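Have a look at the structure below, then the notes.
The values are calculated or read from the model by the stated rules, or taken from the named source; none is laboratory data. Here the structure is a predicted model, which means the values were calculated and not measured. Positions of Cβ are backbone-derived with ideal geometry, glycine not excepted, and every protein chain shown enters the neighbour counts. Ligands, DNA and RNA are excluded from the accessible area calculation, which covers all protein heavy atoms including side chains. Shrake-Rupley method; radii C 1.70, N 1.55, O 1.52, S 1.80 Å.
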Amino acid sequence: MLTTKQRELLLFIHERIKKDGVSPSFDEMKEALNLASKSGIHRLITALEERGFLKRLANRARALEVLKLPDSVTPSAPPRGRQVFRPSLVGSEATPPPMAGHTIPVLGRIAAGVPIEAIQNEVDRIHPPGHLPEDEDHFALEVKGDSMIDAGILDGDLVILKRTDDANTGDIVVALIDEEEATLKRLRKKGASIALEAANPAFETRIFGPDRVRVQGRLVALVRRYD
């Protein structure tokens with residue numbers, strides 16, 4: 001049997017993972033449950049682990065998996081915490097359309113951590129989210145790595161990008177470095193320089209001259225597959 005706070009935290013984590021694809025931060029959990037310190041959250045999570053309701057995923061920041069919910073719980077009204085921006089997310093709950101109709105190419109993998117060679121070849125096709133205009137040029141890449149995890153982008157996700165050679169500061173882009181490496185990062189324009197910024201404190205920001213970086217596409221949506 002769970003305490004009231006354990007139950008509230010479990011529901012909050014469950015709903016946030018379902019909504020955003022990533023578990024909330026300890027600060028967000030603390031705020032949602034009106035606790036004075038994060039140590040209380042640590043104790044609640046440990047208790048939920050011991051009871052088999054939660055599992056911490058190794059080597060990944062903010063990675064919790066809800067293993068089960070109490071039988072008596074209907075997870076429709078968890079505590080409300082701060083709203084955090086995430087890319088548009090298409091999960092397995094949506095009914096997939098038939099493969100006829102508008103599709104976009106999947107052009108391979110893009111490293112969200114360490115840059116890899118630029119992607120060239122089409123490996124698959126998928127249906128884009130319905131809100132994307134069919135008259136715009138889009139493509140998809142599979143994410144490899146965890147440097148964008150705090151932006152809600154996880155290893156194995158499919159990012160959908162609008163093909164463009166320009167982007168604004170703060171946009172998440174696929175950038176081509178020195179015409180040979182491609183990486184997924186947040187773009188920051190700093191005077192005459194361009195910074196490619198991770199969304200994970202374990203990765204450093206890389207700064208280049210403008211002639212070394214070419215934007216290939218701007219992130220507009222995210223597809224997560226649940227196998």
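Go through segment 207-212 residue by residue and turn each phi into a ³J(HN,Hα) via Karplus (6.51, -1.76, 1.60, θ = phi - 60°); whole Hz please, and just put x for glycine and proline.
Coupling constants for segment 207-212: 10, 9, x, x, 6, 9 Hz.
Out of the total accessible area of segment 5-69 (probe 1.4 Å, heavy atoms of protein only), what percent is carbon and sulfur?
Roughly 48 percent of what the probe reaches on segment 5-69 is carbon or sulfur.
Find out how many positive minus negative residues lie around Leu196, taking Lys and Arg as positive, Asp and Glu as negative, among other residues whose Cβ is under 14 Å from that of Leu196.
Working: positive: Lys185, Arg186, Arg188, Lys189, Lys190, Arg206, Arg212, Arg214, Arg218; negative: Asp171, Asp178, Glu181, Glu197, Glu204.
Computed value for this residue: +4.
Apply the a/c threshold of 1.5 to the C-alpha gyration tensor of segment 131-222 and tell me whether it is rounded, prolate or oblate. Intermediate results must be reported in sequence, preceding the final value.
Values: a/c = 1.78, a/b = 1.17, b/c = 1.52.
Oblate is the answer for segment 131-222, as a/c is 1.5 or above yet b/c matches or exceeds a/b.
Counting other Cβ atoms within 10 Å of each Cβ, which GluC sites (Glu not before Pro) in segment 150-200 have at most 15 and sit in a DSSP loop? Intermediate results must be reported in sequence, preceding the final value.
On the way: sites: Glu179, Glu180, Glu181, Glu197; in loops: Glu179, Glu180.
Answer by residue number: Glu179, Glu180.
Of Lys30/Lys185; Lys18/Lys38; Lys5/Lys144; Lys19/Lys144; Lys5/Lys55, which pairs sit farther than 25 Å apart, going by alpha carbon to alpha carbon? Write out the running numbers ahead of the final one.
On the way: Lys30/Lys185 29 Å; Lys18/Lys38 23 Å; Lys5/Lys144 36 Å; Lys19/Lys144 22 Å; Lys5/Lys55 18 Å.
The pairs that break the limit, which is 25 Å between Cα atoms, are Lys30/Lys185; Lys5/Lys144.
Give me the net charge of Val123's neighbourhood, meaning all other residues with Cβ under 11 Å from the Cβ of Val123; Lys, Arg count +1, Asp, Glu -1. Kindly include the intermediate steps, with their values, before the conclusion.
Values: positive: Arg109, Arg125; negative: Glu122, Asp124, Glu142.
It works out to a net charge of -1.
From zero outward in steps of 5 Å, how is the percent of C-alpha pairs of segment 1-58 spread across the bins?
Taking all Cα pairs of segment 1-58, the binned fractions are 4, 20, 32, 29, 14, 2 percent.
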